[in-house]
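One structure is given here, and the rest of the page talks about it.
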Amino acid sequence: MEVLQKTNIIPNCQAKPKDEVIREIGQLLCKSGYVEESYIEAMLQREETFSTNIGNGIAIPHGVEAAKKNIKHSGIAVMVFPEGTLWNDELVKLVIGIAGKGEEHLDILGNIAEKLATADAVEQLTKSSAEQIYQTLAFRG
């Protein structure tokens, strides 16, 4: 199973409350068969204890450690907010929901960090089509 499916890339999203964004991106992971539905609540729990905004206009919501058992396959989902959406006190433009099975989450995070290391790279991605985003972020282990 691919880590990123084209159907899990949602460009041109409108700003909405952070919890709503996390639920939506969690649903994408769930519908694609990456996680059990309970993983969505674990993503919300993680956000309550530790903000997943990593700077550079990127947030990477993921579940708490205890929820790893609810991950069936490693996968990511991407929501793009060209105008930004408020994540605590900062605007983020790219929300990447992550479900990493075992230690694979480290590889996934490394791939994201490598591809989106600069503000320019993030900005470029926010203006890209779903196909271009797929080509950029598709993870090939």
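What to note about this one:
- Restricting attention to region 50-79, the residues that are touching a strand residue (DSSP E or B) at 6+ places or on another chain (Cβ under 6 Å) and in contact (Cβ under 8 Å) with a residue 60 or more places away in the chain total 7.
- In region 52-61, the residues that are part of a loop (DSSP other than H, G, I, E, B) and within 13 Å of the chain's Cα centre (by Cα): 52, 57, 60, 61
- The lone exception for residue 47 - which of (1) within 21 Å of residue 138 (Cα to Cα); (2) touching a residue at least 12 places away in the same chain (Cβ under 8 Å) it fails: (1)
- Residue ID - surrounded by the most Cβ atoms within 10 Å (Cβ to Cβ), chosen from residues in region 62-77 that are assigned to a loop (DSSP other than H, G, I, E, B) and not hydrophobic (A, V, I, L, M, F, W, C): 63
- Among the residues of region 92-107, those that are over 17 Å from residue 28 (Cα atoms) and surrounded by 16 or more Cβ atoms within 10 Å (Cβ to Cβ) comprise 92, 93, 104, 105.
Residue by residue, here is whether (1) within 15 Å of the chain's Cα centre (by Cα); (2) at positive phi; (3) at pLDDT 90 or above holds:
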site	(1), (2), (3)
93	yes, no, yes
96	yes, no, yes
100	yes, no, yes
104	yes, no, yes
108	yes, no, yes
117	no, no, yes
130	yes, no, yes
135	no, no, yes
140	no, no, no
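The values are calculated or read from the model by the stated rules, or taken from the named source; none is laboratory data. What you see is a predicted model, and the numbers here were worked out from it, not measured in a lab. Every residue, glycine among them, receives a Cβ derived from its backbone with ideal geometry; neighbour counts consider all protein chains shown.
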